[in-house]
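The values are calculated or read from the model by the stated rules, or taken from the named source; none is laboratory data. Note that the coordinates shown come from a computational prediction; the quantities given were computed from them, not determined experimentally. No Cβ is skipped: glycine too gets one built from the backbone with ideal geometry, and neighbour counts run over all protein chains shown. Protein only, heavy atoms only, side chains kept; ligands, DNA and RNA dropped before computing areas. Shrake-Rupley method; radii C 1.70, N 1.55, O 1.52, S 1.80 Å.
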Amino acid sequence: MKFRRHSTVLITIAAAVLLTTSGCSGGLLAGDSGSEGESAGPIKLAMVIPISGSSAPTGEYMQNGAQLAVEEINEAGGVLDGRELELVVGDEACDAQQAVASANKAVSGGAVVSVGGYCSGATLPQLPIFEKAGIPMIVPAANSQDLVNQKLKNVFMINGTGKQQSTAALDFIKKSGFTTVALVDDNTSYSKDINTETAKQIEEDGSATVALSTSVTAGESDYSAVVRDIMNANPELVYWTGYYQEGGLIINQLKKAGFTGQIMVADGSVDPSLSEIAGEGAEGVFATMTQTPDTIEGAEDWIANYEEKFGSAPGPYSTQSYDAVRLAAEAIEQAGSTDGDKIIEALEGIDGFEMFSGPLKFTPEHTLSSGGFVILAIQDGKFVLEDDLS
């Protein structure tokens, strides 16, 4: 799809809902005053993402994308008759304990919507914290189905699910004619979810065979054992569903061991660092991924604005984070309130809100109606669009 121009986004935000109503029956959160729409300060959006650790580069892309949206919305007049948005960033470090501490801090600091979530294993323990506080979660990146399997009313995912990613993987496997596949995960919720679902779909479809399904331990440097298992299984395709740090090492070690089949990675490995770690072996590696900024038709103006603001090119999940903030602002406007229940009701009623991934309408499970996954491939060290699977 072709994304609307930058100016259209601003007009949409600025013109949205002077339909706000008065008379909130819900409780008050920090920063709110006694009557609807009256301002006692900025409306705070929590963003718990990896600021430290090996996934920090992705966290920076996410923070920048979200901050760009905040500044555009504030420049266009804010929300609820002039209240500004404020992005409050906390570190998850892809670590559950750190994520819990940051989520608790966001709640005590008066956040009214959460727009963060990268590592599923660090996002999952945040769910009960934000649910208890009545704070809606718009999750831009983390995509384990465990996030919605709990059926919490406050959780909304704007990235495709692990199931949808597995479906894209199967579509590409069939389209490419691969008949034997090795599935390798890192035992995290996100990675295991995709591995398990892909294996299930392959077996149900019957057009290919799972030659190997195995897990590795994240954070190691020697993956010779799994490389040996893959070589013995001799698959036509290896599908790595973990993150880029381990993925790069496994690709490098596979190639050095003489593996001649094809390799595909899941979205957690779509990062420029994958090529740096894997070396020459990364060339030609495929990836299942929702579109990155440079693969989105019509995103040129947005990319230019991002580069002007931050002095570097946008990366994975910057557009999803930008859209998470815009969606939060839209829902607050439609709710006419910062009350969590009213914002949740507004999110459930969203129909056709324009995002980079297309017009938004949530399923009853609060996931995207269409996952939006495509196939990328590494060419000259960079991920480029290989197949839109249309």
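Details
- Selection status of residue 319, in a strand (DSSP E or B), under 19 Å from the mean Cα position of the chain (by Cα) and in contact (Cβ under 8 Å) with a residue 24 or more places away in the chain: no
- Look at (1) open to solvent by 20 Å² or more (accessible area, probe 1.4 Å); (2) more than 30 Å from residue 137 (Cα to Cα); (3) part of a helix (DSSP H, G or I) and you find that residue 309 fails only one, number (2).
- When segment 115-129 is filtered for residues that are surrounded by 24 or more Cβ atoms within 10 Å (Cβ to Cβ), within 18 Å of residue 340 (Cα to Cα) and hydrophobic (A, V, I, L, M, F, W, C), only 115 remains.
- Long-range neighbours under 7 Å by Cβ, at least six apart or interchain, first residue more than 15 Å from residue 247 (Cα to Cα) and open to solvent by 20 Å² or more (accessible area, probe 1.4 Å) within segment 258-269, second acidic (Asp, Glu) and at pLDDT 95 or above: none
- Top-ranked residue in segment 200-257 [being aliphatic (A, V, I, L, M) and touching a residue at least 60 places away in the same chain (Cβ under 8 Å); ranked as nearest to residue 54 (Cα to Cα)]: 250
- Of all residues making up segment 130-142, the number that are open to solvent by 10 Å² or more (accessible area, probe 1.4 Å) and touching a residue at least 60 places away in the same chain (Cβ under 8 Å): 2
- Among the numbered conditions (1) modelled with pLDDT of 95 or more; (2) more than 16 Å from the chain's Cα centre (by Cα), the only one that residue 35 does not meet is (1).
- Among the residues of segment 360-379, the ones that are over 17 Å from the mean Cα position of the chain (by Cα) and touching a residue at least 24 places away in the same chain (Cβ under 8 Å) come to 3 in all.
- Subset of segment 44-87 [out of contact with any Leu (no Cβ under 6 Å at 6 or more places or on another chain), assigned to a helix (DSSP H, G or I) and closer than 17 Å to residue 317 by Cβ]: 56, 57, 58, 59, 60, 61, 62, 63, 64, 65, 68, 69
- Restricting attention to segment 312-337, the residues being among the polar types (S, T, N, Q) and open to solvent by 10 Å² or more (accessible area, probe 1.4 Å) number 3.
- Within segment 277-306, the set of residues being modelled with pLDDT of 95 or more and open to solvent by 60 Å² or more (accessible area, probe 1.4 Å) comprises 283, 300, 301.
- Unmet requirement for residue 100, which otherwise passes all of (1) among the β-branched types (Val, Ile, Thr); (2) surrounded by fewer than 20 Cβ atoms within 10 Å (Cβ to Cβ); (3) part of a loop (DSSP other than H, G, I, E, B): (3)
- Segment 57-91, subset among the aliphatic types (A, V, I, L, M) and out of contact with any strand residue (DSSP E or B) (no Cβ under 9 Å at 6 or more places or on another chain), residue surrounded by the most Cβ atoms within 10 Å (Cβ to Cβ): 68
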